[in-house]
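Have a look at the structure below before the remarks.
We did not get these values from a lab; they are worked out from the coordinates using the rules stated. Computed from a predicted structure; not experimentally measured. Positions of Cβ are generated from backbone atoms using ideal geometry, with glycine treated the same way; all protein chains shown enter the neighbour counts.
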Amino acid sequence: MSKPHTFQLLPADTERLTQFCGLQNAILEQIEGFLGVKISHRNYAFSVSGGGQKTGRAESVIRRLFELTANAGQPINRSQV
């Protein structure tokens, strides 16, 4: 089994992280379904399992969506994923 891909989302901002993850991590679950990966996080430390290029792709998607929370100041919605 391959080692999980880990990374952090910065800057540390609890409100922004909450906006990004969605209610009960709904946004993360949607990304998991689209890309066939498993995402877990503790605060700003994220871990993605799934092997191959899928984990790197998941990190890219997560980082892009997290950036949207900086610009919009609003939660991510399911249609943006």
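Would you check which residues across the stretch 1-43 are under 17 Å from residue 68 (Cα atoms) and among the small types (Gly, Ala, Ser) and list them? The answer is 12, 22, 26. Do the conditions hold for residue 59, that is, is it of a type in the set (Asp, Glu) and under 14 Å from residue 76 (Cβ atoms)? In short, no. Entry remark, the stretch 1-42: residues being of a type in the set (Lys, Arg) and touching a helix residue (DSSP H, G or I) at 6+ places or on another chain (Cβ under 7 Å) number 2 in total.
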